[in-house]
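Before any comments, here is the structure.
The values are calculated or read from the model by the stated rules, or taken from the named source; none is laboratory data. Small disclaimer: the values here were computed from a predicted structure and weren't measured. So basically every Cβ, Gly included, is an ideal-geometry build from the backbone, and we count neighbours across all protein chains shown. Calculation scope for accessible area: heavy atoms of the full protein, side chains included, ligands and nucleic acids excluded. Shrake-Rupley method; radii C 1.70, N 1.55, O 1.52, S 1.80 Å.
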Amino acid sequence: MKKIFFLLVAALCMQGAFAQDHGIFIISYPMAFPAGDLSDYISNTSFRGINLEFGKEVKPNVIVEIETGWNVFYQEAPDQVYTEGTASISGKQFRYTNSVPILAGAKWILKSKNNLVPYAGLGLGNNVLRQVN
């Protein structure tokens, strides 16, 4: 718990430092939905995760950024018999998959006079997955 508190305080302090130089630092809570082959293995939505974004304004209204995060997909499979070759075992299966996306991207921000700030963004990257049974 102390580590989480320390990280949050450090992140809030860093946000002020980035704001001085037209940079951004965002911590967000993402929900993730399994897709493709992962949805065949785990069908539950992930409510466990964190995202971090670091960005720099390179031109007025244009921000270049790096984004990373972490999501944990979890599902409990019912008690059943699992067979591999000539061996069989029965029991519950707890399925975990850790997902770490790493993206580089850009955002184009429309300046407005009210509190609503619309933007369009594009990102390109990789997603590292680790499956634990």
Which of 33, 25 is most accessible, then next, and so on - probe 1.4 Å: 33, 25
Over segment 17-133, what is the relative contact order in whole percent, taking alpha-carbon pairs under 8 Å and six or more residues apart? 20
With θ set to phi - 60°, apply the Karplus curve 6.51 cos²θ - 1.76 cosθ + 1.60 along segment 90-106 and write out the HN-Hα couplings as whole Hz, x wherever there is a Gly or Pro. 10, x, 7, 10, 9, 9, 10, 9, 9, 10, 10, x, 10, 10, 10, x, 9
Restricting to aspartates and glutamates and to Cα separations under 17 Å from residue 59, and discarding same-chain partners fewer than 8 apart, the set is 21
Kirkwood Rh over alpha-carbon pairs of segment 92-131 plugged into Stokes-Einstein at 25 °C, 0.890 mPa s gives a D in µm²/s of 184
If each K or R counts +1 and each D or E counts -1, the residues other than residue 62 whose Cβ falls under 13 Å of its Cβ total +2
